[in-house]
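Trainee: I am attaching a structure below and will ask some questions about it afterwards.
The values are calculated or read from the model by the stated rules, or taken from the named source; none is laboratory data. Here the structure is a predicted model, which means the values were calculated and not measured. When we count neighbours, we look across all protein chains shown, and the Cβ atoms used for this are built from the backbone with ideal geometry, even at glycine. Just the protein is used for accessible areas: all its heavy atoms, side chains included, with ligands, DNA and RNA removed. Shrake-Rupley method; radii C 1.70, N 1.55, O 1.52, S 1.80 Å.
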Amino acid sequence: MIHLMKLEMQKNNMRTYMYANVIITVTMIGLIYLFAYVPHIEPNDPELLIFAGYDNVILLYGLVNMTVFSIFSCVIYSQLIIEALKGKQLILLFSYPVKHNKILISKIFIVSLFISLSMIICNVIVFGTFFITESFVPITADVFSVALILDALKTTLIMVISAASLSVIATGIGFHTKSVPAAIIAGVILCSLFCNVVFNALGNEMLLLIFMMIALLSGAVMTILLMNKVDRLEVL
(Lines give C-alpha, C1' and ligand atoms only; values in the text may rest on other atoms or scores of the structure.)
Protein backbone atom coordinates (compact mmCIF):
# COMPACT_ATOMS: atom_id res chain seq x y z
CA MET A 1 0.00 0.00 0.00
CA ILE A 2 2.80 2.43 0.90
CA HIS A 3 4.53 1.61 -2.40
CA LEU A 4 1.32 2.37 -4.29
CA MET A 5 0.96 5.67 -2.45
CA LYS A 6 4.51 6.64 -3.39
CA LEU A 7 3.85 5.79 -7.04
CA GLU A 8 0.65 7.84 -7.04
CA MET A 9 2.44 10.82 -5.53
CA GLN A 10 5.18 10.55 -8.15
CA LYS A 11 2.61 10.31 -10.94
CA ASN A 12 0.62 13.32 -9.75
CA ASN A 13 2.17 16.74 -9.26
CA MET A 14 1.56 17.51 -5.57
CA ARG A 15 3.68 20.67 -5.65
CA THR A 16 0.80 22.69 -7.08
CA TYR A 17 -1.36 21.65 -4.14
CA MET A 18 1.39 22.67 -1.71
CA TYR A 19 1.45 26.15 -3.23
CA ALA A 20 -2.32 26.27 -2.79
CA ASN A 21 -1.84 25.37 0.89
CA VAL A 22 0.43 28.39 1.35
CA ILE A 23 -2.20 30.68 -0.18
CA ILE A 24 -4.95 29.17 1.97
CA THR A 25 -2.87 29.56 5.14
CA VAL A 26 -2.16 33.25 4.47
CA THR A 27 -5.85 33.82 3.73
CA MET A 28 -6.90 32.02 6.91
CA ILE A 29 -4.60 34.23 9.01
CA GLY A 30 -6.37 37.29 7.67
CA LEU A 31 -9.76 35.66 8.21
CA ILE A 32 -9.30 34.90 11.91
CA TYR A 33 -8.21 38.49 12.58
CA LEU A 34 -11.22 39.70 10.62
CA PHE A 35 -13.53 37.56 12.77
CA ALA A 36 -11.92 38.90 15.94
CA TYR A 37 -12.21 42.53 14.78
CA VAL A 38 -15.82 42.36 13.51
CA PRO A 39 -17.42 43.39 16.88
CA HIS A 40 -15.39 46.62 16.80
CA ILE A 41 -16.98 47.65 13.50
CA GLU A 42 -20.48 47.99 15.00
CA PRO A 43 -20.20 47.65 18.81
CA ASN A 44 -23.96 48.12 19.28
CA ASP A 45 -25.04 45.52 16.73
CA PRO A 46 -26.33 42.46 18.66
CA GLU A 47 -25.91 40.20 15.61
CA LEU A 48 -22.15 40.69 15.75
CA LEU A 49 -21.91 39.47 19.33
CA ILE A 50 -21.25 35.93 18.05
CA PHE A 51 -17.73 37.16 17.24
CA ALA A 52 -17.21 38.70 20.68
CA GLY A 53 -15.58 35.69 22.38
CA TYR A 54 -12.60 33.50 21.60
CA ASP A 55 -14.72 30.34 21.69
CA ASN A 56 -17.00 31.46 18.87
CA VAL A 57 -14.15 32.98 16.85
CA ILE A 58 -12.29 29.66 16.99
CA LEU A 59 -15.37 27.63 16.05
CA LEU A 60 -16.46 29.93 13.22
CA TYR A 61 -12.94 30.01 11.85
CA GLY A 62 -12.82 26.21 12.10
CA LEU A 63 -16.01 25.86 10.07
CA VAL A 64 -14.74 28.12 7.28
CA ASN A 65 -11.36 26.38 7.33
CA MET A 66 -13.06 22.98 7.12
CA THR A 67 -15.19 24.12 4.18
CA VAL A 68 -12.18 25.46 2.25
CA PHE A 69 -10.14 22.29 2.73
CA SER A 70 -13.12 20.04 1.96
CA ILE A 71 -13.63 21.71 -1.40
CA PHE A 72 -9.87 21.69 -1.99
CA SER A 73 -9.91 17.97 -1.23
CA CYS A 74 -12.73 17.42 -3.74
CA VAL A 75 -10.62 19.10 -6.42
CA ILE A 76 -7.69 16.75 -5.70
CA TYR A 77 -9.98 13.71 -5.59
CA SER A 78 -11.44 14.75 -8.94
CA GLN A 79 -8.02 14.49 -10.54
CA LEU A 80 -6.86 11.35 -8.72
CA ILE A 81 -10.08 9.33 -8.82
CA ILE A 82 -12.87 10.67 -11.03
CA GLU A 83 -10.65 11.63 -13.97
CA ALA A 84 -8.37 8.59 -13.52
CA LEU A 85 -11.21 6.06 -13.47
CA LYS A 86 -12.85 6.82 -16.79
CA GLY A 87 -12.07 6.66 -20.49
CA LYS A 88 -8.60 5.74 -21.71
CA GLN A 89 -7.08 6.29 -18.27
CA LEU A 90 -9.40 3.61 -16.90
CA ILE A 91 -8.17 1.10 -19.51
CA LEU A 92 -4.57 1.94 -18.66
CA LEU A 93 -5.23 1.66 -14.94
CA PHE A 94 -6.88 -1.74 -15.32
CA SER A 95 -3.79 -3.00 -17.14
CA TYR A 96 -1.75 -2.68 -13.93
CA PRO A 97 -0.94 -6.02 -12.20
CA VAL A 98 -2.40 -4.72 -8.94
CA LYS A 99 -5.80 -5.23 -7.38
CA HIS A 100 -7.76 -2.17 -8.37
CA ASN A 101 -9.35 -1.68 -4.94
CA LYS A 102 -5.87 -1.19 -3.54
CA ILE A 103 -5.23 1.55 -6.08
CA LEU A 104 -8.49 3.24 -5.08
CA ILE A 105 -7.71 3.00 -1.35
CA SER A 106 -4.17 4.31 -1.91
CA LYS A 107 -5.61 7.37 -3.67
CA ILE A 108 -8.06 7.98 -0.81
CA PHE A 109 -5.28 7.61 1.76
CA ILE A 110 -3.05 10.03 -0.12
CA VAL A 111 -5.68 12.77 -0.30
CA SER A 112 -6.91 12.21 3.26
CA LEU A 113 -3.40 12.34 4.71
CA PHE A 114 -2.42 15.30 2.57
CA ILE A 115 -5.50 17.32 3.48
CA SER A 116 -5.33 16.35 7.17
CA LEU A 117 -1.66 17.33 7.48
CA SER A 118 -2.32 20.52 5.50
CA MET A 119 -5.17 21.51 7.82
CA ILE A 120 -3.13 20.76 10.93
CA ILE A 121 -0.11 22.75 9.71
CA CYS A 122 -2.35 25.59 8.57
CA ASN A 123 -4.15 25.77 11.92
CA VAL A 124 -0.92 25.55 13.93
CA ILE A 125 0.41 28.55 12.00
CA VAL A 126 -2.87 30.50 12.13
CA PHE A 127 -3.69 29.84 15.79
CA GLY A 128 -0.05 30.24 16.81
CA THR A 129 0.17 33.64 15.14
CA PHE A 130 -3.21 34.73 16.48
CA PHE A 131 -2.62 33.62 20.07
CA ILE A 132 0.85 35.18 20.22
CA THR A 133 -0.44 38.57 19.10
CA GLU A 134 -3.51 38.29 21.35
CA SER A 135 -1.30 37.70 24.40
CA PHE A 136 0.37 41.08 23.78
CA VAL A 137 -2.18 43.21 21.90
CA PRO A 138 -5.63 41.62 22.33
CA ILE A 139 -8.38 42.39 19.84
CA THR A 140 -11.09 40.22 21.37
CA ALA A 141 -12.70 41.37 24.61
CA ASP A 142 -12.15 38.04 26.34
CA VAL A 143 -9.66 36.43 28.71
CA PHE A 144 -6.82 34.57 27.01
CA SER A 145 -5.99 31.22 28.65
CA VAL A 146 -4.38 27.84 28.06
CA ALA A 147 -7.88 26.38 27.79
CA LEU A 148 -8.29 28.31 24.52
CA ILE A 149 -5.28 26.53 23.04
CA LEU A 150 -6.77 23.18 23.99
CA ASP A 151 -10.09 24.28 22.49
CA ALA A 152 -8.32 25.22 19.25
CA LEU A 153 -6.62 21.80 19.13
CA LYS A 154 -9.93 20.03 19.72
CA THR A 155 -11.69 22.10 17.06
CA THR A 156 -8.88 21.37 14.61
CA LEU A 157 -9.17 17.61 15.19
CA ILE A 158 -12.95 17.65 14.72
CA MET A 159 -12.74 19.72 11.56
CA VAL A 160 -9.96 17.56 10.09
CA ILE A 161 -12.09 14.44 10.49
CA SER A 162 -15.17 16.24 9.14
CA ALA A 163 -13.33 17.63 6.10
CA ALA A 164 -11.83 14.26 5.19
CA SER A 165 -15.22 12.54 5.54
CA LEU A 166 -17.35 15.09 3.69
CA SER A 167 -14.92 15.25 0.78
CA VAL A 168 -15.05 11.45 0.36
CA ILE A 169 -18.84 11.58 0.28
CA ALA A 170 -18.81 14.36 -2.31
CA THR A 171 -16.25 12.49 -4.40
CA GLY A 172 -18.41 9.37 -4.32
CA ILE A 173 -21.33 11.38 -5.65
CA GLY A 174 -19.14 12.81 -8.40
CA PHE A 175 -17.77 9.38 -9.27
CA HIS A 176 -21.22 7.79 -9.53
CA THR A 177 -22.39 10.64 -11.79
CA LYS A 178 -19.04 10.68 -13.67
CA SER A 179 -18.91 14.44 -13.14
CA VAL A 180 -16.18 16.57 -11.57
CA PRO A 181 -18.48 19.61 -11.15
CA ALA A 182 -21.00 17.37 -9.37
CA ALA A 183 -18.34 16.36 -6.84
CA ILE A 184 -17.38 19.98 -6.12
CA ILE A 185 -21.00 21.15 -5.93
CA ALA A 186 -21.83 18.23 -3.61
CA GLY A 187 -18.87 19.24 -1.42
CA VAL A 188 -20.14 22.82 -1.22
CA ILE A 189 -23.68 21.67 -0.34
CA LEU A 190 -22.54 19.17 2.30
CA CYS A 191 -20.22 21.70 3.95
CA SER A 192 -22.98 24.33 3.88
CA LEU A 193 -25.40 21.97 5.62
CA PHE A 194 -22.77 21.03 8.21
CA CYS A 195 -21.87 24.67 8.87
CA ASN A 196 -25.50 25.83 9.10
CA VAL A 197 -26.39 23.18 11.64
CA VAL A 198 -23.34 23.91 13.81
CA PHE A 199 -23.74 27.68 13.45
CA ASN A 200 -27.38 27.52 14.60
CA ALA A 201 -26.32 25.50 17.63
CA LEU A 202 -23.29 27.49 18.82
CA GLY A 203 -22.12 26.28 22.20
CA ASN A 204 -23.59 22.79 21.73
CA GLU A 205 -20.40 20.74 21.55
CA MET A 206 -22.26 17.43 21.63
CA LEU A 207 -24.14 18.27 18.43
CA LEU A 208 -20.83 19.06 16.72
CA LEU A 209 -19.43 15.68 17.76
CA ILE A 210 -22.58 13.89 16.61
CA PHE A 211 -22.41 15.45 13.14
CA MET A 212 -18.71 14.65 12.94
CA MET A 213 -19.45 10.99 13.68
CA ILE A 214 -22.28 10.95 11.12
CA ALA A 215 -19.91 12.39 8.51
CA LEU A 216 -17.21 9.86 9.43
CA LEU A 217 -19.57 6.88 9.18
CA SER A 218 -21.06 8.18 5.93
CA GLY A 219 -17.56 8.61 4.52
CA ALA A 220 -16.73 5.00 5.43
CA VAL A 221 -19.93 3.78 3.75
CA MET A 222 -19.17 5.82 0.63
CA THR A 223 -15.67 4.31 0.49
CA ILE A 224 -17.18 0.83 0.52
CA LEU A 225 -19.61 1.83 -2.24
CA LEU A 226 -16.73 3.19 -4.30
CA MET A 227 -14.85 -0.09 -3.88
CA ASN A 228 -17.91 -2.03 -5.04
CA LYS A 229 -18.28 0.32 -8.01
CA VAL A 230 -14.67 -0.34 -9.02
CA ASP A 231 -15.31 -4.08 -8.73
CA ARG A 232 -18.22 -3.78 -11.13
CA LEU A 233 -16.06 -1.80 -13.52
CA GLU A 234 -13.55 -4.65 -13.41
CA VAL A 235 -16.24 -7.14 -14.43
CA LEU A 236 -17.39 -4.89 -17.27
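Trainee: Could you tell me whether segment 127-185 comes out rounded, prolate or oblate from its Cα gyration tensor? Rule is a ≥ b ≥ c as square roots of the eigenvalues, rounded for a/c under 1.5, then prolate if a/b exceeds b/c, otherwise oblate.
Mentor: Prolate is the answer for segment 127-185, as a/c is 1.5 or above and a/b outweighs b/c.
Trainee: For the pairs Lys102/Lys178; Lys154/Lys229; Lys102/Lys154, note any where the Cα-Cα span goes beyond 27 Å.
Mentor: The pairs that break the limit, which is 27 Å between Cα atoms, are Lys154/Lys229; Lys102/Lys154.
Trainee: Based on the mean of other beta carbon atoms within 10 Å per residue, what is the order of 143-149, 182-188, most packed first?
Mentor: Peptide ranking by packing, descending: 182-188, 143-149.
Trainee: Per residue, how much accessible surface does segment 124-236 expose to a 1.4 Å probe? Answer in Å², no decimals.
Mentor: Per residue, segment 124-236 has an accessible area of 52 Å².
Trainee: Hey, another quick one. Mind listing the phi-derived Karplus ³J(HN,Hα) values for segment 28-42, rounded to whole Hz, using 6.51, -1.76 and 1.60 with θ = phi - 60°, and x for any glycine or proline?
Mentor: Taking θ as phi minus 60°, the curve returns 5, 4, x, 5, 5, 5, 5, 4, 5, 8, 3, x, 7, 5, 10 Hz for segment 28-42.
Trainee: While we're here: Quick one: what are the phi-derived ³J(HN,Hα) couplings along segment 175-184, Karplus 6.51/-1.76/1.60 with θ = phi - 60°, whole Hz, x for glycine and proline?
Mentor: Once rounded to whole Hz, the list reads 5, 5, 8, 6, 9, 5, x, 4, 5, 5.
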